[in-house]
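Engineer: Quick one: the structure is below, and I'll ask about it shortly.
The values are calculated or read from the model by the stated rules, or taken from the named source; none is laboratory data. On a predicted model such as this, the values are computed, not experimentally measured, just so you know. Cβ coordinates were reconstructed from backbone atoms using ideal geometry, including for glycine residues, and neighbour counts include every protein chain displayed.
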There are 2 protein chains.
Amino acid sequence: MHDHSDACPGCAAAPEVAFARHDHAHCASDVMGRAEVLAGVQGVRLTPVRRRALEILLEEHRAMGAYDVLQRLAADGFGNQPPVAYRALDFLVEQGLAHRIQRLNAFAACMHPGEAHTPVFLICTGCHAVAEAEAAPVRAALGVAAEGLGFEIDRSTVEAAGLCPRCRDVQGEGAAA
Amino acid sequence: MHDHSDACPGCAAAPEVAFARHDHAHCASDVMGRAEVLAGVQGVRLTPVRRRALEILLEEHRAMGAYDVLQRLAADGFGNQPPVAYRALDFLVEQGLAHRIQRLNAFAACMHPGEAHTPVFLICTGCHAVAEAEAAPVRAALGVAAEGLGFEIDRSTVEAAGLCPRCRDVQGEGAAA
DNA sequence: TTGTGTATGTTATACTATAACATGTCAAGA
DNA sequence: TCTTGACATGTTATAGTATAACATACACAA
């Protein structure tokens with residue numbers, strides 16, 4: 001587990017600790033702060049329900065279904081009908097503050113808000129953590145493949161399911177025992 | 001539009017015509033033939049409902065929702081409850097005869113059965129055609145990104161939405177006019 | 001023929017998502 | 001101040017996607 005002094009070198013800034021144990025609360029507050037700033041810059045409003053939805057995603061640090069988020073929001077006094085959650089989540093996705101994980105029909109907080117990216121997602125099937133990985137080389141390869149067919153890419157989804165370092169170790173121990 | 005003599009140089013074998021007009025019926029029967037052989041080799045049964053589901057996907061040459069397939073199956077005298085379609089489609093996916101397109105909650109026939117692959121999908125938002133593109137370089141890049149985080153990839157999904165050559169041309173004309 | 005495994009059919013239900021409309025909030029301009 | 005308009009939230013209702021559970025049928029081997 002790494003510790004923090006001033007700037008958070010955690011999951012938001014350093015991909016190599018995405019799956020490592022760390023003071024995620026710090027990362028979360030760091031991301032929240034950046035979200036505030038971004039919303040101001042982009043001229044959109046990070047209203048209570050939207051802010052809370054983002055906090056929930058950050059607290060969980062994993063992909064959550066819209067109905068899971070809804071339940072949490074309702075518990076906090078917000079509406080408890082599906083559109084409440086979907087609207088907040090759609091807003092976050094539009095503003096680049098959250099991502100939709102197609103494979104899971106779920107949403108996860110963006111750990112790099114403001115860096116205008118479409119990341120590659122690594123989804124751990126053991127602990128359901130989701131990390132964002134370096135996407136540029138993958139996109140480049142994808143672009144080449146598409147170009148060969150005369151296809152013009154607009155948006156793309158790259159998601160990998162597998163085991164994060166910790167879950168892999170645990171499984172290894174289990175198999176060894 | 002290319003024509004065929006004996007072996008089909010069409011969409012199954014030549015990615016560069018995936019989006020080109022061609023005698024898809026030929027490709028379809030070619031793929032069906034290979035599916036028959038594969039089923040035999042793998043010791044599984046390509047039963048009437050499974051075979052018909054694959055034919056439907058091949059005829060359409062695009063990603064279809066399970067309920068669309070179900071409707072077609074029911075019209076052909078098979079059961080008309082969701083599990084009928086899902087079971088047939090799941091079977092096809094398991095055997096590598098079809099692919100699931102996460103982004104669309106839909107299924108498409110595999111154009112390269114037996115080549116044990118997890119392709120990259122190019123989904124045209126204009127005509128809804130789906131092509132399978134060269135995946136190796138993309139996977140390699142993805143593997144590198146995952147390795148950097150100590151993540152072990154099991155399965156991955158790579159899907160790009162955009163415009164196929166024909167739809168791009170049509171749109172270009174529209175914009176020019 | 002009788003069991004065993006697999007496939008199919010059916011009912012019911014769970015999960016995911018959005019359309020449509022009512023109400024509320026807030027700031028800019030008359 | 002009032003009004004207006006844009007945006008946000010809340011609610012009802014429904015559409016779309018997927019699976020659990022159980023009953024029936026069929027094929028093949030013992």
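Engineer: Sort out which residues of the range B:17-64 are within 16 Å of DNA strand D (Cβ to nearest atom), out of contact with any helix residue (DSSP H, G or I) (no Cβ under 9 Å at 6 or more places or on another chain) and farther than 14 Å from B:Ala129 by Cα, and write them in order of number.
Structural biologist: Matches in the range B:17-64: B:Gly40, B:Gln42, B:Gly43, B:Pro48.
Engineer: What number goes with the only condition from (1) modelled with pLDDT of 80 or more; (2) more than 29 Å from B:Glu152 (Cα to Cα) that A:Ala28 does not pass?
Structural biologist: Exception for A:Ala28: condition (2).
Engineer: In the range B:147-168, what count of residues is obtained for those that are farther than 16 Å from B:His99 by Cα, buried (at least 22 other Cβ atoms within 10 Å of the Cβ) and not aromatic (Phe, Trp, Tyr)?
Structural biologist: Counting residues in the range B:147-168 that are farther than 16 Å from B:His99 by Cα, buried (at least 22 other Cβ atoms within 10 Å of the Cβ) and not aromatic (Phe, Trp, Tyr) gives 2.
Engineer: Here is a list: A:Val120, A:Val144, A:Val138, A:Val130. Which entry is buried (at least 24 other Cβ atoms within 10 Å of the Cβ) and over 28 Å from A:Arg52 (Cα atoms)?
Structural biologist: A:Val138
Engineer: Return the total of residues in the range B:41-83 being farther than 20 Å from B:Gly114 by Cα, within 12 Å of DNA strand C (Cβ to nearest atom) and of a type in the set (A, V, I, L, M).
Structural biologist: Residues of the range B:41-83 farther than 20 Å from B:Gly114 by Cα: B:48-49, B:60, B:64-83.
So of that shortlist, the ones also within 12 Å of DNA strand C (Cβ to nearest atom) come out as B:48-49, B:66-67, B:70, B:73-74, B:76-83.
Now narrow it down to the ones that are of a type in the set (A, V, I, L, M): B:49, B:66, B:70, B:73-74.
Here the count works out to 5.
Engineer: Further question on the same structure: Quick one: in the range B:84-99, of everything that is surrounded by fewer than 23 Cβ atoms within 10 Å (Cβ to Cβ) and closer than 18 Å to B:Leu38 by Cβ, which residue is nearest to DNA strand C (Cβ to nearest atom)?
Structural biologist: Restricting attention to the range B:84-99, the residues satisfying the condition of being surrounded by fewer than 23 Cβ atoms within 10 Å (Cβ to Cβ) are B:84, B:86-87, B:90-91, B:93-96.
Those still in the list that are closer than 18 Å to B:Leu38 by Cβ too: B:90-91, B:93-96.
Working: B:Asp90: 10, B:Phe91: 7, B:Val93: 14, B:Glu94: 10, B:Gln95: 10, B:Gly96: 15 Å.
Per the stated criteria, the residue is B:Phe91.
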